[in-house]
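The values are calculated or read from the model by the stated rules, or taken from the named source; none is laboratory data. What you are looking at is a predicted structure, and each value in this text was computed from that prediction instead of being measured. Every residue, glycine among them, receives a Cβ derived from its backbone with ideal geometry; neighbour counts consider all protein chains shown. Please note that ligands, DNA and RNA were not included when accessible areas were found on the heavy atoms of the full protein model with its side chains. Shrake-Rupley method; radii C 1.70, N 1.55, O 1.52, S 1.80 Å.
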Amino acid sequence: LIMDTPRCTGTMDPFALLNTWLENATTAHEEVFKDYRRGAESVHGPKVMCLSTCSKDDSKPSSRMVDLAGCNENGITFFTDPNSRKAKELADNPFASAVLYFPSLERQVRIEGKVQTLPQSDVDEYFRSLPRNIQLTLLMNKQGHRYTTYEDVVKEKKAVEEQYRDFSELPITPNLMGYLLVPSEFQFYQGNPDWLSDCAHYVKQKDGSWCRELVLC
């Protein structure tokens, strides 16, 4: 399932190309999982990315999958627990890279840039947009909290559900922080059966414009 256009060479605006590829990937995802018994929405879609951060002291990178919460001309947003490893590494070294992979389209997007925190109002809005069941999970212990068994996790979730059973609106959790990855580089990769890949590298210039080069990947 490969969509012919637009390819990497379609635009000088990497954000426009990213949004188009996300739309293409969403359509492809829905097509691939249209007959899945739980529905396409029950399977993680294309707005999931591998986020890599790095500690400043030992320079050891760490990676994990996170939800891409938003994308506009300012950058891409994501949210996490402020007590998580990635949050601690970003506080120490505010740079990150992210990779989005769209296997059914043979496409990949790599993004690098500096990360800044989002205002609390954005965190509140994001929290309110989540299903109640996920909000309750976020009101549990901080990320990284140690448990003896998984049954202990389930017990705590039930305790939180009971605690807020009569709340029509849940309080904003303190266990959530928002980030904006401001890209300085993009790399768009379009695979081909003969490995003659279409790959474009965008680098942000001092005047805010983007320079695009076609590269061999």
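Worth pointing out:
- Computed over Cα pairs, the Kirkwood radius of segment 145-217 leads via Stokes-Einstein (0.692 mPa s, 37 °C) to a diffusion coefficient of 184 µm² per second.
- Accessible surface of the chain, 1.4 Å probe: 51 percent of it comes from carbon and sulfur atoms.
- Accessible area of segment 147-217 divided out per residue, in Å², using a probe of 1.4 angstrom: 65 Å²
- Positive-end residue, the chain charge dipole about Cα centroid, Cβ charges, pick of V154, S121, F95: V154
- At most 12 other Cβ within 10 Å, DSSP loop - trypsin sites (Lys or Arg not before Pro), segment 134-213: K142, R146, R165, K206
- DSSP loop chymotrypsin sites (Phe, Trp or Tyr not before Pro) with at most 13 other Cβ within 10 Å: longest gap in the chain: 37-146
- Expected 222 nm ellipticity per residue - DSSP helices of 4 or more, -39500 (n - 2.57), all of the chain, to 500: -8000 deg cm²/dmol
- Note on T20/F167: beta-carbon distance plugged into 1/(1 + (r/R0)^6) with R0 of 41 Å gives a FRET efficiency of 0.50.
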